[in-house]
Amino acid sequence: MRVGYLGPEGTNSHEALLNALAGEAHEQVPLPTIHDCVMAVQDGTVERALVPIENAIEGSVNATLDALAVDADEVTIAGEYVHAIHTCLIARTPLELSAIETVLSHPQANGQCAHFLRTRLPQARVLATSSTADAVRAVAEGELGEHAAALGSRVAAEQYGCEILRAGVDDVAGNETRFVWLAAAGTPTGEHGPWKTAIVFWGVGAEAPGWLVRCLSEFAFRGVNLTRIESRPRKQGLGRYMFFLDLEGRDGDGPVAEALAALRGHVEHLRVLGSFPAAT
């Protein structure tokens, strides 16, 4: 099985993949962006992909949500995996924190360590790159000089022969990222629950008073529990949004199926992004 992930080797996505598929035969396919991971499933380049969708500190991963909602109608969420994040401050050689002039990482990692950066490295400029591993690689190769550091994983530090200056620099202890398994639409998911269903919708009546309440009430009236709700711009002008929901239950089961059928009467577009076993 060919499995795509946000590369290169040493990213949090790579570390999550190694843990999630420990002992299972698979071919790892590193890809340059999250969007590329999603579209690789869409075009059949890979059979599965593991992509981040939500972080305990920074919230949803917008690149994943947008790609699933807009660009990848032949891709489904087939499962999820929760991975503990332990971000390290990494440099090419030992450095005092006061000597660091530049810190480089993926925007999600920069956000997850924002308080540490503000309070412990106020003198450093913070730059963004495509992945945490690419940040460590750039620091290892001296692309930003000798007074640069990266935020990344211990695996990346070991891979590129760097020094860990500080471990566990995440702003909140117990930092976690929820990843989702992506597969081609119609791919069988697991047989064992508990189940979760993810949907996205938007509607012609979205500007009418109480429209969103009426949409959500279809779940409340049937006792369907929502575990996440978020709006994202549809990129068609101010005030136009799409709404993402995660809910407990399988899309074909009683109350959930009834709620989805009723919701279709309120909206212009409704798509089930996936119905899958929830992470335990």
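Whole percent per 5 Å bin, from 0 to the bin with the longest distance: what is P(r) over all C-alpha pairs of segment 121-194?
Values per bin, smallest distances first: 3, 12, 17, 21, 13, 8, 9, 8, 6, 3, 1.
Checking the a/c ratio against 1.5 first, then a/b against b/c, what shape does the Cα gyration tensor give for segment 1-75?
oblate
R0 = 35 Å: FRET efficiency of GLU101 with GLU176, Cβ-based, nearest 0.05?
0.70
Of THR197, THR227, SER153, which is farthest along the charge dipole of the chain in the positive direction, counting Lys and Arg as +1 and Asp and Glu as -1 at C-beta?
It is THR227, whose Cα lies furthest towards the positive end.
If you take all C-alpha pairs in segment 172-254, what percent of them are over 16 Å apart?
Value for segment 172-254 (Cα pairs over 16 Å): 64 percent.
If the viscosity is 0.890 mPa s and the temperature 25 °C, what translational diffusion coefficient in µm²/s does Stokes-Einstein give for the chain when Rh comes from Kirkwood over Cα pairs?
Using the Kirkwood radius from Cα pairs, D works out to 122 µm²/s.
Which of THR76, TYR241, LEU31 sits farthest toward the positive end of the charge dipole of the chain, with +1 on the Cβ of Lys and Arg and -1 on the Cβ of Asp and Glu?
Of THR76, TYR241, LEU31, it is TYR241.
Run lengths n ≥ 4 of DSSP H only: what is the helix-derived mean residue ellipticity at 222 nm for the chain, with -39500 (n - 2.57) per run over all residues, to the nearest 500?
Helix-only estimate at 222 nm: -7000 deg cm²/dmol.
Taking just the C-alpha trace of segment 88-167, give me its Rg and Dmax in Å.
Over segment 88-167's Cα set, Rg and Dmax evaluate to 10.7, 29 Å.
Quickly work out the LEU21-to-ALA114 label distance, labels modelled 7 Å from Cα along the C-beta direction, and quote it in nm with one decimal.
3.3
Based on the Cβ-Cβ distance of ALA279 and THR187, what FRET efficiency does E = 1/(1 + (r/R0)^6) give at R0 = 22 Å, to the nearest 0.05?
E between ALA279 and THR187, to the nearest 0.05, is 0.75.
With a cut-off of at most 14 other beta carbons within 10 Å, and DSSP calling the residue loop, which trypsin sites (Lys or Arg not before Pro) in segment 216-271 qualify? Please list them.
Answer by residue number: LYS235, ARG240, ARG264.
Taking H placed 1.01 Å from N in the peptide plane, check which residues at least 5 places from ARG166 or on another chain put their amide H under 5 Å from its amide H.
LEU89
Would you be so kind as to identify which of ALA91, ALA22, VAL61 lies farthest towards the positive end of the dipole of segment 22-100, taking Lys and Arg as +1 and Asp and Glu as -1 on Cβ and the Cα centre as origin?
Value: ALA91.
Charges at C-beta only: +1 for Lys and Arg, -1 for Asp and Glu. How large is the resulting dipole of the chain about its Cα centre, in Debye rounded to 20?
So the dipole magnitude of the chain works out to roughly 660 debye.
Each value in this text was obtained by applying a stated rule to the coordinates, not by laboratory testing. Since the structure is predicted, the reported quantities are computational estimates derived from the model, not experimental observations. Note: ideal-geometry Cβ built from the backbone for every residue, glycine included; neighbour counts use all protein chains shown.
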